[in-house]
1. What are the pairs, 6+ residues apart or on separate chains, where a residue within segment B:3-23 that is within 11 Å of chain A (Cβ to nearest Cβ) has its Cβ under 8 Å from a residue that is surrounded by 15 or more Cβ atoms within 10 Å (Cβ to Cβ) and outside any helix (DSSP H, G or I)?
2. Within the bounds of segment A:90-111, is there any residue that is under 13 Å from B:S53 (Cβ atoms) and in a strand (DSSP E or B)?
3. Restricting attention to segment A:46-63, report how many residues are over 20 Å from A:A186 (Cα atoms) and open to solvent by 80 Å² or more (accessible area, probe 1.4 Å).
4. Quick one: count up the residues across segment B:25-48 that are under 13 Å from the mean Cα position of the chain (by Cα) and either more than 7 Å from chain A (Cβ to nearest Cβ) or in a loop (DSSP other than H, G, I, E, B) (or both).
5. Go through (1) free of Cβ contacts under 8 Å to residues at least 24 places away in the same chain; (2) touching a strand residue (DSSP E or B) at 6+ places or on another chain (Cβ under 9 Å) and name the single condition A:T274 misses.
6. Go through segment A:172-181 residue by residue and tally those that are open to solvent by less than 20 Å² (accessible area, probe 1.4 Å) and either closer than 10 Å to A:L228 by Cβ or modelled with pLDDT under 90 (or both).
7. In the list A:F187, A:F222, which residue meets the criterion of being open to solvent by 10 Å² or more (accessible area, probe 1.4 Å), closer than 25 Å to A:K59 by Cα and without any contact (Cβ under 8 Å) to a residue 24 or more places away in the chain?
8. Report, by residue number, each residue of segment A:21-57 that is closer than 30 Å to A:F153 by Cβ and in contact (Cβ under 8 Å) with a residue 12 or more places away in the chain.
Amino acid sequence: MLARPAVAARTAVFVQTRNMATLKEIQTRLKSITNISKITASMKMIASTKTTRAQRAMKVARAYGKVSNDFVKQAEVEKAAEAKELLITVSSDKGLCGGIHSSLARQSRKYLAENPDAPVVVLGDKAKVQLQRAYPNNIKYSFSQLGSTIPTFDETSAIASTVLNDKEIVFDNAKLLYNRFVSAIAFETDSIECFPIEQIVEAPNFKAYEYQDEVLENLNEFLLANSLHWALVEGHAAEMAAKRSAMENATKNAGDIINRLTLQYNRGRQAVITNELIDIITGASAL
Amino acid sequence: MTFAWRTVGMNYLQYSSIAARALRRTAKPELQSEIAKREGMAIKVAKWEAGKSGMPAPASVIETRTVAEN
């Protein structure tokens with residue numbers, strides 16, 4: 001007669017302590033996830049302001065890229081059959097931006113699988129880390145400290161000038177791999193082709209005119225810088241937009257987890273109270 | 001017509017950067033703050049040899065004495 005309530009009391013106490021420990025765990029988790037959701041929400045705000053600014057800069061930079069594009073299209077320049085190509089991967093240093101860097105690295109690896117001898121210039125640490133694992137001997141230059149601000153033409157000129165001045169890197173064509181800004185929630189990895197003087201000279205519409213060789217070399221360098229600037233700014237805009245949507249998803253997921261945990265916590269709390277009530281009532285009824 | 005700057009080893013981008021920098025310096029003081037944003041260069045370049053990266057060094061189109069003086 002006395003044993004039964006004691007056993008009942010012991011199991012009740014056991015269940016109570018187990019619930020209390022879980023309650024504390026749930027509380028700690030709730031606190032940490034609330035902090036995380038605050039951080040991701042503020043990162044989303046920052047990324048959305050950066051996106052609007054980057055989009056404005058992208059409209060301006062499109063004018064640069066249009067110069068190279070229109071020239072190549074009007075002159076009807078064609079790619080030579082056995083052109084030595086240089087691959088320039090335009091990524092950045094910052095993470096937490098969705099599939100931006102992995103998509104670029106995947107396309108670069110696919111290209112290098114088909115052209116294992118191609119020299120590579122990597123812009124940005126994220127892509128550099130991925131390419132360095134698979135094709136370290138192809139990399140000629142790597143640029144870092146990119147991606148925190150909108151690229152200026154000065155920076156683009158620095159990159160293009162380093163590549164052009166290095167006489168060891170021999171290339172005809174340059175292929176720029178970058179992320180094109182499709183919309184605020186979508187981007188697409190795309191490539192721009194930059195042609196050498198020899199191909200421009202062979203272009204049917206260009207042959208019709210007289211030109212001076214020295215000016216052609218200027219034009220070649222300028223066209224490379226133009227296309228590179230367009231790729232850099234557009235890639236930056238795509239990255240900011242991807243970061244914004246990644247942070248938005250993270251905040252939403254954190255909010256879902258918070259709701260689920262709060263329900264669990266409340267249920268646990270009510271179970272503890274119910275158990276205490278059972279104890280009291282059993283104790284009182286035993287008297 | 002060979003360009004003078006080409007003979008000393010400069011390329012067109014370096015030449016136009018110098019011209020752009022000169023133009024920026026002549027802007028009136030009230031516009032200087034906005035224009036200075038176009039000049040900041042924080043990028044670093046690392047040259048790779050045989051699969052190994054060199055030390056990253058600041059990259060710039062042109063090295064001028066004014067930069068060192070500042």
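1. Pairs that qualify, where the first residue is within 11 Å of chain A (Cβ to nearest Cβ) and the partner is surrounded by 15 or more Cβ atoms within 10 Å (Cβ to Cβ) and outside any helix (DSSP H, G or I), are B:L13/B:V61; B:Q14/B:V61; B:Q14/B:I62; B:S17/B:V61; B:S17/B:I62; B:I18/B:I62; B:R21/B:E39; B:R21/B:I62.
2. No: segment A:90-111 contains no residue that is under 13 Å from B:S53 (Cβ atoms) and in a strand (DSSP E or B).
3. The number of residues fulfilling the criteria is 1.
4. So the count comes out to 6.
5. All conditions pass for A:T274, except number (2).
6. The qualifying residues number 4.
7. Checking each option against the conditions leaves just A:F222.
8. A:M43, A:K44, A:A47, A:S48, A:K50, A:T51, A:R53, A:A54, A:Q55, A:A57
The values are calculated or read from the model by the stated rules, or taken from the named source; none is laboratory data. The structure displayed is predicted, hence computed values, not measured ones. When we count neighbours, we look across all protein chains shown, and the Cβ atoms used for this are built from the backbone with ideal geometry, even at glycine. Ligands, DNA and RNA are stripped out before the accessible areas are found, and what is left, the full protein with its side chains, is counted by its heavy atoms. Shrake-Rupley method; radii C 1.70, N 1.55, O 1.52, S 1.80 Å.
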